[in-house]
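Written below as C-alpha cells is the structure these notes are about.
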Amino acid sequence: MLSPRPFVRWLQLGCGMVALWFINVQIVWAKPTEMHIMEGFLPPIWSAIWFAVAIPFWIVGFRRIRQLVAEKPETRFLLGLAGAFAFVLSALKIPSVTGSSSHPTGTGLGAMLFGPGVMSVLGAIVLLFQALLLAHGGLTTLGANTVSMGIVGPLVAWGVWHLLQNRAPFALVVFCAAALANLLTYVTTSLQLALAYPDPVGGVLASFAEFSAVFAITQIPLSISEGILTVLILNALRTTATTELQSLGVKGV
C-alpha cells in the first residue's frame, strides 16, 4: 500500500499553488472587505454589540488561562505556540478575485488543545497586535473580529473535535475541526457585514449572499490548506510535546 504521507504533501502543495494563483487576480469590487473587518467600517452600534458579545468569553478565557498557568505550568509552551500559530496564519492576507482579502485563521489548533474560552483571549491578543502593528483589522472592530475569528471559529473546532474524537481517525478529526473553524469564521464575518449593511432591495439575506460569495472562492482552498497544516503540526506535537498534551487530556496521544 502507498503511504498517505506523499499524498498529503502533494495535496498541500496543490492547495498552496491554487492560493498563490489567486494572489495574482485583482478585480475591483464596490465593497472593499476583508476577513479582519477594517477600522471604522462598522457603524458604532454594531461595534458596541459585538464587544458586548465578546466580553463574557474574554472573562471566561482569562480565568481559564490563569488556572492553566497555575496548575499546569508546562502548558505555557503550548499556549504560546497556539497564539503564535494564529498570529502568523491570520496575518497572511490573500487578495480574493473581488478585490477583498481572505486569510487562514489558525485558531483551530488552540481550540482543540485549550477550548474556545482560551482562544477568545488569544485571538483578541492576536487581533490587537495586528491592528496596531500591521494595520490589519482595527480597534473599534476588535469585538466583531474576535467574535468571528476568536469565538465562533474556535467553538466550531472544539465542537467538531469532541464530537468526532472517538468516531473517526485522528488526522481526519483534526482536519475537519481546523477547516470548518476557518469556514465558519468567514461565514460569521459575512453575516456581521450583512447585518451592518443590508442590501437596499434584498435586505440582510441578499447582502449575506453577496459577502459570502466574495470570500468563498479563496476561503475554501484556504480552509483545506489550513486543515492539512494543522494535522501536520498536531502530529509533530504528538512526538515532541507528549507530556504536555497528555496533561491537557488530548486523546490519541
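The values are calculated or read from the model by the stated rules, or taken from the named source; none is laboratory data. Note that the coordinates shown come from a computational prediction; the quantities given were computed from them, not determined experimentally. Cβ sites come from the backbone with ideal geometry, for glycine too, and all protein chains shown count toward neighbours.
Quick notes
- Some residue of the range 33-45 being out of contact with any Pro (no Cβ under 6 Å at 6 or more places or on another chain), assigned to a helix (DSSP H, G or I), surrounded by 13 or more Cβ atoms within 10 Å (Cβ to Cβ) and at pLDDT 90 or above: no
- First in the range 205-219 and closer than 13 Å to residue 193 by Cβ, second anywhere and among the charged types (D, E, K, R) and not in a helix (DSSP H, G or I), Cβ under 6 Å, 6 or more apart: 206/199; 207/199
- Of the residues contained in the range 199-220, none is found to be under 23 Å from residue 68 (Cβ atoms) and in a loop (DSSP other than H, G, I, E, B).
- Flag for residue 234 being closer than 18 Å to residue 186 by Cβ and modelled with pLDDT of 85 or more: no
- Condition check for residue 126: among the β-branched types (Val, Ile, Thr), crowded, with 16+ Cβ neighbours inside 10 Å and modelled with pLDDT of 90 or more: yes
- Scan of the range 234-252 for residues that are among the hydrophobic types (A, V, I, L, M, F, W, C) and surrounded by 17 or more Cβ atoms within 10 Å (Cβ to Cβ), ordered by number: 234, 237, 241, 245, 248, 250
- Residues (surrounded by fewer than 18 Cβ atoms within 10 Å (Cβ to Cβ) and either at pLDDT 95 or above or part of a helix (DSSP H, G or I) (or both)) located in the range 153-183: 159, 162, 163, 164, 170, 172
- Within the range 184-198, being of a type outside the set (Ser, Thr, Tyr) and not in a helix (DSSP H, G or I) holds for one residue alone: 198.
- Residues in the range 209-220 that are out of contact with any Gly (no Cβ under 9 Å at 6 or more places or on another chain) and buried (at least 20 other Cβ atoms within 10 Å of the Cβ): 4 in all.
- Test: residue 231 is without any contact (Cβ under 8 Å) to a residue 24 or more places away in the chain and either part of a helix (DSSP H, G or I) or more than 20 Å from the chain's Cα centre (by Cα) (or both): no
- Test for residue 81: is it hydrophobic (A, V, I, L, M, F, W, C) and modelled with pLDDT of 90 or more: yes
- Qualifying residue in the range 95-104 (condition: β-branched (Val, Ile, Thr), buried (at least 20 other Cβ atoms within 10 Å of the Cβ) and at pLDDT 90 or above): no
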